Amino acid sequence: ISRRPEAYKRVIEFNYQRSRAVLTHDNQVKLMWQGKDFIDQLLADIESAQHHIHVQTYILEDDDVGRRVVRALAKKAEQVSVRLLYDDVGCWNMPKHFLDTLRIAKGETQAYMPVRFRSLTHRANYRNHRKVVVIDGHIGYVGGMNLAQRYMGTPNSVWRDAHMRIVGSAV
């Protein structure tokens, strides 16, 4: 906190007092607007992981993108700790066996708030729409892109969403 810019002093202190969020200066941030850029970079970062990979997503589908991500995670789970948290409602269409290769490779998977009675889901929306990836505590992703082909767009249309890759101590 000693090198804080005076213009942002109150915001910096508020963030620290409320959540122990410390201002850092050694970060690189890359904004990504298209799914292909996000997935290509994510797969490269997964491959380079040395210690752990934590993934939290709302939607993970059994399609080309989902299969590529799960294969990459399963391959790394043989070398590093891999954890995947996915939203049960966001992944309703995901076959139960879809994550078997990751589990067999010793990756940990967990559905967020499993739904027992689908007819009751319209009454309250407590779903986890977060999309967060942390690799080795040094590379992080946060934003709006899910892990599914439909977020890549089509030859005739581009899916645009905001996602951010952060490298540094802010992660």
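The values are calculated or read from the model by the stated rules, or taken from the named source; none is laboratory data. Please read these numbers as outputs of a predicted model, since none were measured by experiment. Don't worry about glycine lacking a Cβ; one is built from the backbone with ideal geometry, like all the others, and counts go over all protein chains shown. SASA here: full protein model, heavy atoms, side chains in, ligands and nucleic acids out. Shrake-Rupley method; radii C 1.70, N 1.55, O 1.52, S 1.80 Å.
For (1) touching a Leu at 6+ places or on another chain (Cβ under 6 Å); (2) charged (D, E, K, R); (3) modelled with pLDDT of 95 or more, each residue gets a yes or a no:
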position: His51; (1), (2), (3): no, no, yes
position: Leu60; (1), (2), (3): yes, no, yes
position: Arg67; (1), (2), (3): no, yes, yes
position: Arg71; (1), (2), (3): no, yes, yes
position: Lys76; (1), (2), (3): no, yes, yes
position: Val82; (1), (2), (3): yes, no, yes
position: Leu85; (1), (2), (3): no, no, yes
position: Asn93; (1), (2), (3): no, no, no
position: Leu99; (1), (2), (3): no, no, yes
**Prompt:** What pairs come up if the first residue lies in the range 75-87 and is farther than 30 Å from Arg116 by Cβ, the second is assigned to a loop (DSSP other than H, G, I, E, B), and their beta carbons are under 6 Å apart, counting only those six or more places apart or on different chains?
**Reply:** Lys76/Ala49; Glu78/Ala105; Val80/Ala49; Val80/His51
**Asked** Which one of the conditions (1) open to solvent by less than 10 Å² (accessible area, probe 1.4 Å); (2) under 19 Å from Ile166 (Cα atoms); (3) in contact with a Lys or Arg (Cβ under 7 Å, 6 or more places away or on another chain) does Gln41 fail to meet, given that it meets all the rest?
**Response** (1)
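Just to check your reading of the model, which residue among Gln56, Gln28, Gln34, Gln17 is more than 25 Å from His97 (Cα to Cα) and at pLDDT 95 or above?
On the way: Gln56 fails: more than 25 Å from His97 (Cα to Cα); Gln34 fails: at pLDDT 95 or above; Gln17 fails: at pLDDT 95 or above.
After applying the criteria, what remains is Gln28.
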**Request:** Could you tell me whether any residue of the range 145-167 is free of Cβ contacts under 8 Å to residues at least 24 places away in the same chain, on the phi < 0 side of the Ramachandran plot and in contact with a strand residue (DSSP E or B) (Cβ under 9 Å, 6 or more places away or on another chain)?
**Result:** no
**Message:** Suppose the filter is closer than 25 Å to Val167 by Cβ, touching a residue at least 60 places away in the same chain (Cβ under 8 Å), over 14 Å from the mean Cα position of the chain (by Cα) and open to solvent by 30 Å² or more (accessible area, probe 1.4 Å); does His129 pass it?
**Reply:** no
